[in-house]
1. Determine which single condition residue A:185 fails, assuming it passes every other condition in (1) open to solvent by 10 Å² or more (accessible area, probe 1.4 Å); (2) among the polar types (S, T, N, Q); (3) more than 14 Å from chain B (Cβ to nearest Cβ).
2. For the structure I just gave you, tell me whether residue A:262 is in contact (Cβ under 8 Å) with a residue 40 or more places away in the chain, touching a helix residue (DSSP H, G or I) at 6+ places or on another chain (Cβ under 6 Å) and small (Gly, Ala, Ser).
3. Checking the condition buried (at least 22 other Cβ atoms within 10 Å of the Cβ), within 11 Å of chain A (Cβ to nearest Cβ) and free of Cβ contacts under 8 Å to residues at least 60 places away in the same chain, which residue from B:91, B:119, B:106, B:137 passes?
4. Are any residues in the stretch B:12-26 farther than 21 Å from residue B:73 by Cα and within 20 Å of the chain's Cα centre (by Cα), and if so, which ones?
5. Test of understanding: among A:140, A:104, A:120, A:79, which residue is modelled with pLDDT of 90 or more, open to solvent by less than 60 Å² (accessible area, probe 1.4 Å) and at negative phi?
6. Filtering the stretch A:3-20 down to residues that are of a type in the set (A, V, I, L, M, F, W, C), open to solvent by 40 Å² or more (accessible area, probe 1.4 Å) and under 18 Å from residue A:249 (Cα atoms), which residue is modelled with the highest pLDDT?
7. Can you name the residue in the stretch B:165-183 that is open to solvent by 70 Å² or more (accessible area, probe 1.4 Å) and within 14 Å of the chain's Cα centre (by Cα) and is also farthest from residue B:142 (Cα to Cα) among such residues?
8. Which one is most open to solvent (accessible area, probe 1.4 Å), of the residues in the stretch B:184-202 that are in contact (Cβ under 8 Å) with a residue 24 or more places away in the chain and assigned to a loop (DSSP other than H, G, I, E, B)?
Amino acid sequence: MATPQAHLKGNDGLNHYYSFILALLFALAAGLVGSFAFMKRMVLASDVISHLALPGLGVAFLLHVNPLAGGAASLFLGAFLIWWLQGRTGLSLDSMIGIVFACALALGAAITPNEDLLEALLGGFQQPSLLGLLLGVLAAAIVVMGILRLKDQMILGLFSSDLAIATGVNIRREDLFFLLLFSLTVLIGLRFTGALLGSALIIVPAATARQLATNVASFVTISCSVSILAVSVGWLCNSLFVGASTPGPTIVIVSAILFASSLLKRH
Amino acid sequence: MNSLLSVENLGVSFGNRVVIENLNFQVKSGDTLAVIGPNGSGKTVLLKALLGLVPYTGSVRWSDTVRIGYVPQKIEADRQLPLTIRDLLTAKSRFLKLGANDMEAACREVGLSFDLLNAAIGAISGGQFQKVLIALAWLGSPNTLLFDEPTASLDELTEERIYDWLHTTQTQRSLTVVLVSHDLSVVYRYANTVLCLSRNKICIGPPREVLSPQLLEELYSAPPMYYQHIHGGNAAGTSERE
């Protein structure tokens, strides 16, 4: 039976465990960020934000440096560009994301070497070292603490941006922080899911939770639980049955099955 | 008494369309200012400018002691959101770093039933939704309330209760109120100053002095339906049909 260790680059067994822990942390961050992205009606927009990593991945592959460093640079740069353009033009966040996404995808496809393109799109980079794991833990902690800190401002803004501003919430700053936290979450999962599936685990568990939740706390809790369940089951299925070089696609398929199950339960 | 709010040369434009131009007025602590005018005269825009929600020219100066509660005319909230009334009130309480009891106190004061706290925002009636907005505005004990047609689309009984609450609270707490209303009987009953906005005329003063039938006709470009019945001396409920 094929195991991920046999397929992934870097066959250190310990690193495989690091990789799994990192995937669980990604699941937690994705469930949390996803629930607010869903409520902020940024689901489709969120999907394309993950593609912003592509040009950075392409440059990193070209220069033979860590692809995650390149992905991080273009993700954060893209997120900031989206935010800045929205403030400058006054147009919707969605349209700005669409514009930056189209440029990023075209640029990424043009500069990523053909042999690395599939890896950039679907994940499966080298397994993390101890330092990689620690950076992942730090990133996940920043996402969790950041969302918890922004939570009340986002809830007020979701209800009414005018009311939120009148209460003293800085909506522009909150939008920027959320975009950066979203990008950081995509970055944590980039090695598993690549640029193409990066946001799937952010979106699908949140959509599942919406079928079942009755308030914000239960929405966030269910979203995180579904995300962690999808990663655990997807990882296991990939190890035992699929044997793909990256567990990302299996994880996304499991999360889609969980979403389908939530539809049955609701109706 | 010092002004709580001082507005000088206020102007608001959207592109080439001038909505408010060269507007000057002051509001003293404890005043009730009613803003009236025909549709499109800039009443809601004025409130938004006072709150800094739209860009403007001129100056809007609030006293340092002001704590504002705002009840908007419309809420664009997605009623499909998994947001309960408790989620909303808790979010504002936490953001303002209020104590645990403040939320319950605000609900009690505006008559919002505790049973309603766990209801989703999409599952409550228009009247209940309006009470939620008022409770949300009242949270944090504001000394100034900005009401933008707070009773639009509500039945008369609910409207009456809301204005009674507002009037009682204002008397007890020396609350300052800036109120947008289409209902002239409300203006006569509760406001001590009225600000009339229209494209060609701006006027301000006590309702009995300012709201003449001629002015109302100019404002609304139609024969006035209500005017103040001055002889008799009772301002409340004395409007009558011509």
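The values are calculated or read from the model by the stated rules, or taken from the named source; none is laboratory data. The shown structure was predicted, so the numbers you read here are calculated from the model rather than taken from an experiment. We place every Cβ from the backbone using ideal geometry, glycine too, and count neighbours over all the protein chains shown. Side chains are part of the model used for accessible areas, which takes the heavy atoms of the whole protein and leaves out ligands, DNA and RNA. Shrake-Rupley method; radii C 1.70, N 1.55, O 1.52, S 1.80 Å.
1. (1)
2. Working: in contact (Cβ under 8 Å) with a residue 40 or more places away in the chain: yes; touching a helix residue (DSSP H, G or I) at 6+ places or on another chain (Cβ under 6 Å): yes; small (Gly, Ala, Ser): yes.
Here the answer is yes, as residue A:262 does meet what is asked.
3. Details: B:119 fails: buried (at least 22 other Cβ atoms within 10 Å of the Cβ); B:106 fails: within 11 Å of chain A (Cβ to nearest Cβ); B:137 fails: free of Cβ contacts under 8 Å to residues at least 60 places away in the same chain.
Among B:91, B:119, B:106, B:137, only B:91 is buried (at least 22 other Cβ atoms within 10 Å of the Cβ), within 11 Å of chain A (Cβ to nearest Cβ) and free of Cβ contacts under 8 Å to residues at least 60 places away in the same chain.
4. B:23, B:24, B:25, B:26, listed by residue number.
5. On the way: A:104 fails: modelled with pLDDT of 90 or more; A:120 fails: modelled with pLDDT of 90 or more; A:79 fails: modelled with pLDDT of 90 or more.
It is A:140.
6. The first filter runs over the stretch A:3-20 and keeps only residues of a type in the set (A, V, I, L, M, F, W, C), leaving A:6, A:8, A:14, A:20.
Next, only the ones that are open to solvent by 40 Å² or more (accessible area, probe 1.4 Å) stay: A:6, A:14, A:20.
From what is left, the residues that are under 18 Å from residue A:249 (Cα atoms) are A:6, A:20.
Details: A:6: 41, A:20: 87.
This residue is A:20.
7. Per the criteria, the residue is B:182.
8. Going through the stretch B:184-202, the residues in contact (Cβ under 8 Å) with a residue 24 or more places away in the chain turn out to be B:184-199, B:202.
From what is left, the residues that are assigned to a loop (DSSP other than H, G, I, E, B) are B:191-192, B:198-199.
Numbers: B:191: 13, B:192: 71, B:198: 17, B:199: 207 Å².
Filtering the stretch B:184-202 for residues that are in contact (Cβ under 8 Å) with a residue 24 or more places away in the chain and assigned to a loop (DSSP other than H, G, I, E, B), the one most open to solvent (accessible area, probe 1.4 Å) comes out as B:199.
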